[in-house]
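Quick note: the coordinates plus some simple rules give every number you see, no bench work behind them. Remember, predicted model here, so these are calculated numbers, not experimental data. Cβ sites come from the backbone with ideal geometry, for glycine too, and all protein chains shown count toward neighbours.
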Amino acid sequence: QVQFVESGGGLVQPGGSLRLSCAASGSIYSHSALAWYRQAPGKHRELVASITRGGSANYADSVKGRFTISRDSAKNTLYLQMNSLKPDDSAVYYCNKPTGVKGPWGQGTQVTVSS
């Protein structure tokens, strides 16, 4: 069964850093590109970063140069290193496939950037 479990969010001051983790079920991790999304209150869910099975990454313009997506095959885990955080980065962050039929959405992890 496809499953995503996100963690690592929290409250951080502007300019700070966080690393998010997403534990993915083995089948989807092994066979799929993966991505991080975020959804702020009153806004649509947006794709933040994606990574292929081979490790090629793409980023939304709003996070390019600040966020880094990576995956650890030994742990079936996807990561998002977030640096130089801004208040506009505040949202619930989710992981899932970047294209095609998505798996069930996890509960997400809340990131709040505030002084």
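Annotations for the structure displayed:
- The Stokes-Einstein estimate for the chain, based on a Kirkwood radius over Cα pairs and taken at 37 °C with 0.692 mPa s viscosity, is a diffusion coefficient of 235 µm²/s.
- Residues considered: ASP72, ASP89, ASP61. Largest GNM mean-square fluctuation over the chain, using C-alpha springs under 10 Å, is found at ASP61.
- Per-residue Karplus couplings for segment 30-37, computed as 6.51 cos²θ - 1.76 cosθ + 1.60 with θ equal to phi - 60°, are listed in order as 6, 10, 10, 5, 10, 8, 9, 10 Hz, Gly and Pro entered as x.
- Alpha-carbon spread of segment 61-115, three principal axes, descending order, Å: 35, 21, 21
- Computed E for HIS44/ASN76 - FRET, C-beta separation, R0 35 angstrom, nearest 0.05: 0.80
- Gaussian network model of the chain, Cα within-10 Å springs - most flexible of ARG38, ARG71, ARG53: ARG53
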